[in-house]
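Undergrad: Next up is a structure, given as structure tokens.
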Amino acid sequence: MFIYLSKKIAIPNNTHLKSVSWNREQGYIACGGEDGLLKVLKLETQSGKDPKVKGLAAPSNLSMNQTLEGHSGAVQCLTWNEHHQKLTTSDQYGLIIVWMLYKGAWYEEMINNRNKSVVRGMKWNAEGQKICIVYEDGAVIVGSVDGNRIWGKELKGVHLAGVEWSPDGKILLFAMTNGDIQIYDNTGNLISKLMIYCLTGVTTSLRIAAVQWYNGNHGYLEPNCPCLAVCFDNGRCQIMRTESDEDPVLVDSGMQIVCAQWDHCGAVLAIAGSQRAADKDINVIQFYNPFGEHLRTLKVPGKQMHSCSWEGGSLRIALAVDSFIYFANIRPDYKWGYFSNTVVYAYTRPERLEHHVIFWDTKNSEKYVKYVRNLISIRACGDYCCLATRADDQAGQFVLVLCNSIGTPLDSKYIDIEPMYVTMTRTHIIAASREAFYTWQFRNMKSLASLEVSGKRKAGSEKLYHIDDVPSGAGGETIDFNKAYSSTEDPLCCVAATDKVLIVGRESGTLNRYAMPQLSLTHKHTLNCRPHQIALNSTSTRLSIIDIAGVLTFYDLDVRVTDPNGQEVIGEHLKFERKDVWDMKWAEDNSELFAMMEKTRMYIFRKLDPEEPILSSGYICHFKDLQIKSVLLDDIMVKTDTPTNDSIMEMEVKSLRDTREILEKVGLEEAQSFTEDNPHPRLWKLIAESALEQQNLRIAEHAFVRCKDYQGIEFVKRLGNLQNDTMKQAEVAAYFMRFDEAERLYLDMDRRDLAVSLRKKLGDWFRVVQLLKTGSGGDDQQLEEAWNAIGDYYADRQKWQQAVTYYVQGRNQVRLAECYYVLEDYTRLKEMMENLPENHKLLPDIAGMFATVGMCQESVEAFTKCQRVKAAIDCCVQLNQWNTAIDLAKTHNVREIDSLLAKYAKHLLEKNKIINAVELYRKANHYLEAAKLLYKVAEEEVQKKAKPLRIKKLYVLAALLVEQYHEQMKVTSRTKIKRATEATSALAGLLEEDSASISDTKLVDNAWRGAEAYHFYLLAQSQLYNNYVDASMKTCLHLREYEDVINPVDIYSLLGLAASATRAFGTCSKAFIKLESLESLTTEQKAQYEELALDIFTKYSPKDQRTGKTECTSCETAIPDWCSVCPSCDTKFPTCIVTGRPLMDYQFWMCQTCKHRAYESEISSRQTCPLCHSRI
């Protein structure tokens, strides 16, 4: 920041002032002094001759100067209530008067005189609802805004010196004359004593000069920012985060303090008082940030300063010195930058912890907001800007973020040094702490096709050096931030850089000069001042220096001079000097041209010779082509969300103004002569433009050549080839962007085609349509082009419904389909698809649109209409419409579906959707795969001991799928061998089946085994429960063949039960013997079976009471009627699936599906096969 005295107001009769207070909302200034003096003043900015002069640069006059009568003693305390426009004052006799504003003047509203003691402090709370008044004798009164007393309290044995409210109004701080501060709640109850840390080692008695607690109404610099300032008259201060902060910021100002005050946003603390220098007291005011960093010191004339007060926007501060009010202007260090026609600036708001960073495009009046935590600074150059921030974590890291003109982060780097000083070139970002500096050669995103992974440190792109290092410029050094922590006796204080040179300034006045980009130390220069802000000119030959006192000087870097010792040195500190300078900017295209801000005036220098000053308070952001652009950041910070172009000031150098004046008042030839004497491309450009207006092509061409404007030269040549003067005028009007005038001239010449062509180039298609519809009109092709362009105009702005209207007129089916898709008007999109001819190029795109929204059927129709069956199948697969995919594959004989089906089946199996996978395989004619899955499910159900009927159904389904697999193999072989006999064909089918399923032989050969086992198991149970015990036993005897399918415990338990029921105790005994020998049973279970067998066979002999006999159909040997294999001839008898008995008859029934048999007499009464349930 920079501060300078700007105005002084004298108080009549040399009455000495005791206090001053500035109303931050309405702008009134109250000042109190001896002999009851009380005045209310108001400074208002007057509109001068130049309306462009705004802000601090505009003249200000007193619009109010009212003396308020009522006090007899010296007015010592003043406090404003901005919310209710009230002024409360108190004098040395304890008289308190409340003043109110009525019809533009201040009148007495209330009076209070305690007549016991003098008032030492008065403060309104942040909301302006309560006032706390403290008297020297310890009396405290808290009152409301309407004058009612809320509570009062007498503090015994203490003398009060001041009072302060907390921002939330819940705490009161009472300052004592002995230097203590006590903390009370807002109802008068003592809480604790405020700890004082800044007086360590001080033994003398001290007086509290100020207690100031920032109310947070305009946000904080950063979260948990110090905001409570306690100042003592000996110059010691502490700045606390809360009233209980145990680690406050400690400051020793080295002065005798009389008062202190925060600015409006808590960013700067002003401490006023006096300082001893050369046996003389000098009035000074020092400025600190909340972290105790000294920002600036201002010396103030006069004998004694008593008070200070900030203006509402903190751009001015009022100082009460003797019988004068001094006003000082403040130029804050805003966080801002300018690049690519974009002003980027930051501010805080109380509702958010982050900084609001606004990227304001001044050319298009568009703004983009970015929220950044812990922002430190902003720098900009070329096409990018850099945001330096503190990382959120507690690791002590900082981040440099590279952004474009709309605030998009393009790259970032984490560094371990605090970027206190940051500068930027078109290719490098330089960040410096007090001990070291870091350079980052960032990537130019406009020249990169792809970005590298952010965070990877590329060799050579980053470098880090301690300020005491002597780098040689050799590459390949690794980044080691540990060396940045080494202390130095001569810290850094500023940096400046161009593409060729880096200058690092140090507090001693030494300049380290490094060559860029290799970063080798080439020279060391010495200044006779401490630099605060430095900048290099466009050729890197001269350095501007603004020191801490605001004095501007220059240093020639390459000049060789002889020093007082007679030795030749490089570099010279020039004698040129300007005071009170707070900003400067070199011209980008002229190394001897620069602009600087001195107080409220802008000076433009050429070869160190100034031009006439221009009144301005703007910050210079751009200087090129003899034009200066500055931004009124003071105005922008008042209305941060709505910046206007009125805040951008553009000024011209005197030579440019003079050339304009010569062209207007004298003539083209004289202006050309003047420009020859004062050559500059911008002046030649101005001459060329004026010559074009006058159609003086000779001078125009000469001027374009001098300013190296190739396009201008070509334009002049084209004009020279035109024969018609009116057409030349139209072309010139178009060149100067006076398009309406050019169109009118074309139409006057009856060249509507040229007017249409002009509007087409401009993209003004609405006007193109108007021109084509009027007069002779245009052809349909031109109209369609215009309609489509207008449709594009609305589509680009996402006004899709309006775009549809124009695309329909322009018959643009491609864009029309896109609009329907965005509007989700799928009905019209389907109608369009149906109306398109087959194989139209738009059909695949429409199909893709349907597919993205899950409309599978419509997508398939579109794909099939353009003969893209494979794409249709892929769409079905993607949308999980496998039925449709399989139907398509079958219809169009697509074989590639197998791999897709396999993928989908795998996907289903991973999700344990086995039945879905079975259905998928079955539809795809992969019967064997489906059967395998069903067998797996059946086995799982067996393990779960599910219902036997369910298990039988699963086995039957699996067996039926195997039968379908057999049929498929036969059909496949027939198609391959069309001329072979039926037997040969069947044999070929079996051979192919055998070769295709060697690993699945067991599954194919014994497809019905599981179904048979559970069929007979269920049949035996049914027969037993229906009291067909003999038949049940015979079925159970047959079940013994299926021990690999059904648990033997279940088989032999059922057999024992059935045998005992039919009194075949021999068979029952064998069943028990088998059960007792099973290894799967536990010892307890076996013991239970033995106990049961003992109970049965002690009562009944283990013999079958009756045994039926029958003859073997082969050898006629008598065998048991339940025997399925003849013991003599090994003839095997099939089993009847209805009764469970062996089939001994020559005549029997066979199922066409499962190939199982039954007695004809038993099957005659049934409709379906008992095993496979197929119809008979």
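Undergrad: How far, in degrees from 0 to 90, does helix 739-748 lean away from the longest principal axis of the Cα atoms of the chain, to the nearest 10?
TA: Once rounded, the angle reads 80 degrees.
Undergrad: For region 490-606, state what percent of all Cα-Cα pairs lands in each successive 5 Å bin, counting from 0 Å until the bin that includes the largest distance.
TA: 2, 11, 22, 24, 21, 12, 5, 1, 0
Undergrad: Still on this structure: Which whole-percent values make up P(r) of region 590-694 when all C-alpha to C-alpha distances are grouped in 5 Å steps starting at zero?
TA: Bins of 5 Å from zero give 2, 12, 20, 18, 15, 14, 10, 5, 2, 1 percent of pairs.
Undergrad: For 950, 578, 149, 660, what's the largest-to-smallest order of accessible area, 1.4 Å probe?
TA: In descending accessible area the options line up as 149, 950, 660, 578.
Undergrad: Taking every DSSP beta bridge with both residues inside the chain, roughly what % is antiparallel (nearest 5)?
TA: 100
Undergrad: By a straight-distance test (C-alpha under 20 Å), which lysines pair with residue 1103 as possible cross-link partners, with residues fewer than eight away in the same chain excluded?
TA: Once the sequence-local lysines are set aside, what remains near residue 1103 is 1034, 1070, 1074.
Undergrad: For the modelled label position 7 Å from the Cα of residue 205 along Cα-to-Cβ, which residues of region 132-170 have backbone nitrogen atoms closer than 12 Å?
TA: 159
Undergrad: Rounding to the nearest 20 debye, state how big the charge dipole of the chain is about its Cα centre with +1 on each Lys and Arg Cβ and -1 on each Asp and Glu Cβ.
TA: 1480
Undergrad: State the number of lysine pairs found in region 824-894 whose Cα atoms come within less than 17 Å, restricting to pairs 8 or more positions apart or on distinct chains.
TA: 5
Undergrad: When the Kirkwood hydrodynamic radius is evaluated over all pairs of different C-alpha atoms of region 390-435, what value in angstrom, to one decimal, is obtained?
TA: For region 390-435, inverting the mean 1/r across all distinct Cα pairs yields 11.6 Å.
Undergrad: While we're here: Could you give me the percent of Cα pairs per 10 Å distance bin for region 18-173, shortest bin first, beginning at zero and ending with the bin that holds the maximum distance?
TA: Spelled out per bin, shortest first, that is 10, 37, 32, 13, 6, 1, 0.
Undergrad: Apply the Debye scattering formula to region 1123-1166, with a single equal point scatterer on each alpha-carbon and no solvent, then give log10 I(q)/I(0) at q = 0.34 Å⁻¹.
TA: Here log10 of I(q) over I(0) equals -1.25.
Undergrad: Moving to a separate point now. Measure off 7 Å from each Cα along the Cα-to-Cβ vector at residue 757 and residue 233, then give the distance between these two points in nanometres to one decimal.
TA: Using points 7 Å along Cα→Cβ, the separation is 8.8 nm.
Undergrad: Here is a follow-up. Subtract the Cα-Cα distance of residue 291 and residue 1147 from 0.36 nm times their separation in residues, and report this length gain in nm to one decimal.
TA: 297.0 nm
Undergrad: While we're here: Once every DSSP H run of n ≥ 4 in the chain is given -39500 (n - 2.57) and the sum is divided by its residues, what mean residue ellipticity at 222 nm do you get, rounded to the nearest 500 deg cm²/dmol?
TA: Rounded to the nearest 500, it is -9500 deg cm²/dmol.
Undergrad: Å³ per residue of the Cα convex hull, for region 654-721?
TA: Per-residue hull volume (Cα only) is 65 Å³.
Undergrad: Shifting gears a bit: So for the chain, averaging the separation of alpha carbon pairs under 8 Å that are six or more residues apart and normalising by length, what relative contact order in percent results?
TA: This gives 4 percent for the chain.
Undergrad: While we're on this one: Simple spin-label model, 7 Å along Cα-to-Cβ: residue 107 to residue 738 in nm?
TA: 6.1
Undergrad: If I take all pairs of Cα atoms in the chain, what percentage of them are more than 43 Å from each other?
TA: So the portion of pairs separated by more than 43 Å is 66 percent.
Undergrad: Taking N as the number of residues in region 111-180, what value does Rg over Cα atoms divided by 2.2 N^0.38 Å take?
TA: So the Cα radius of gyration is 1.05 times the expected 2.2 N^0.38 Å.
Undergrad: Hey, what's the chain come to in accessible area per residue, 1.4 Å probe, Å²?
TA: The answer is 49 Å² per residue.
Undergrad: Roughly what would the spin-label model give for residue 673 and residue 1076, points 7 Å off Cα along C-beta, in nm?
TA: According to this spin-label approximation, the distance is 14.3 nm.
Undergrad: Still on this model: With N denoting the number of residues in region 288-442, provide Rg(C-alpha) divided by 2.2 N^0.38 Å, to two decimal places.
TA: 1.26
Undergrad: Using θ = phi - 60° and the Karplus relation 6.51 cos²θ - 1.76 cosθ + 1.60, list the HN-Hα couplings for region 292-303 in order, rounded to whole Hz, with x at every Gly or Pro.
TA: Each residue of region 292-303 in turn: x, 7, 6, 9, 6, 10, 10, 8, 10, x, x, 8 Hz.
Undergrad: Still on this structure: Roughly speaking, what is the stretch gain from residue 841 to residue 658, that is 0.36 nm per residue apart minus the C-alpha to C-alpha distance, in nm to one decimal?
TA: My answer for the length gained is 59.5 nm.
Undergrad: So if I restrict to the alpha-carbon atoms in region 102-142, what is the Rg, and what is Dmax, the biggest pairwise distance, in Å?
TA: For region 102-142, the Cα radius of gyration and maximum Cα-Cα distance read 12.8, 38 Å.
Undergrad: Helix 1009-1025 versus the longest principal axis of the chain: what is the Cα-based angle in degrees, 0 to 90, to the nearest 10?
TA: 70
Undergrad: Going by alpha carbons, how many degrees (0 to 90, nearest 10) lie between the helix axis of 800-810 and the longest principal axis of the chain?
TA: Around 80 degrees separate the two axes.
Undergrad: Leaving out ligands, DNA and RNA, and with a 1.4 Å probe, what % of the accessible surface on the chain is carbon or sulfur?
TA: Exposed carbon and sulfur together represent 46 percent of the surface.
Undergrad: In whole angstrom, and with the biggest value first, how far do the Cα coordinates of region 733-778 range along each principal axis?
TA: 28, 22, 11
Undergrad: Here's another thing I want to ask about it. Find how much the distance from residue 217 to residue 45 grows on full extension, using 0.36 nm per residue of separation minus their present alpha carbon separation; answer in nm with one decimal.
TA: Net length gain for the segment: 59.4 nm.
The values are calculated or read from the model by the stated rules, or taken from the named source; none is laboratory data. Small disclaimer: the values here were computed from a predicted structure and weren't measured. No Cβ is skipped: glycine too gets one built from the backbone with ideal geometry, and neighbour counts run over all protein chains shown. Each accessible area value is taken on the protein alone, full model and side chains, heavy atoms only, with ligands, DNA and RNA left out. Shrake-Rupley method; radii C 1.70, N 1.55, O 1.52, S 1.80 Å.
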